[in-house]
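Right, one structure below, let's go through it.
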Amino acid sequence: MTKGPDTFFTQTQEFGPNWYRYANDPGLADAVVEFLRDRLPWPDEQVVFYARSPRYAFRLPWGVFLRHWRRFMMLDKSFVFGLERPEFALFADGGSLSVGYTSGQTRERVDGLIHPP
């Protein structure tokens with residue numbers, strides 16, 4: 001899925017399991033974590049941002065997010081991205097989960113917001 005230049009998400013790579021199903025039933029084997037670890041092979045120490053709106057983002061290690069992702073799912077349309085990483089994960093309406101890549105220009109814009117000059 002290709003979007004315009006003003007969007008963070010420029011290309012969706014692959015769709016994963018329905019995160020609603022796994023968020024609401026912790027007794028199930030965690031296919032969400034398995035999908036994210038396979039598609040986003042970041043080290044557990046990787047600093048990531050979980051953004052649930054333009055005003056609210058949480059900075060934390062990737063491993064912590066993976067262990068506690070259910071606690072972050074308060075709203076649809078949230079995403080996770082790592083500093084200096086082109087990949088992202090998008091948690092969308094209806095439980096849709098996808099991973100993809102951002103453009104270099106987008107990464108510079110996001111880094112500028114996080115680390116102002």
Identify the residue in the stretch 50-79 that is touching a Lys or Arg at 6+ places or on another chain (Cβ under 7 Å) and without any contact (Cβ under 8 Å) to a residue 24 or more places away in the chain and, among all such residues, is farthest from residue 98 (Cα to Cα).
74
Residue hits (the stretch 42-57; over 11 Å from residue 78 (Cα atoms) and hydrophobic (A, V, I, L, M, F, W, C)) are 42, 47, 48
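Residue by residue, here is whether (1) assigned to a strand (DSSP E or B); (2) surrounded by 12 or more Cβ atoms within 10 Å (Cβ to Cβ) holds:
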site: 13; (1), (2): yes, yes
site: 21; (1), (2): no, yes
site: 26; (1), (2): no, no
site: 37; (1), (2): no, yes
site: 49; (1), (2): yes, yes
site: 60; (1), (2): yes, yes
site: 63; (1), (2): no, yes
site: 68; (1), (2): no, no
Looking only at the stretch 35-68, count how many residues are modelled with pLDDT of 95 or more, within 17 Å of residue 23 (Cα to Cα) and under 11 Å from the mean Cα position of the chain (by Cα).
3
If I filter the stretch 101-111 for residues that are at pLDDT below 80, more than 21 Å from residue 29 (Cα to Cα), surrounded by fewer than 13 Cβ atoms within 10 Å (Cβ to Cβ) and aliphatic (A, V, I, L, M), do I get at least one hit?
no
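The values are calculated or read from the model by the stated rules, or taken from the named source; none is laboratory data. Note that this is a predicted model, so its numbers are computed, not measured. Quick reminder, even Gly has a Cβ in these numbers, built from the backbone with ideal geometry, and neighbours come from all protein chains shown.
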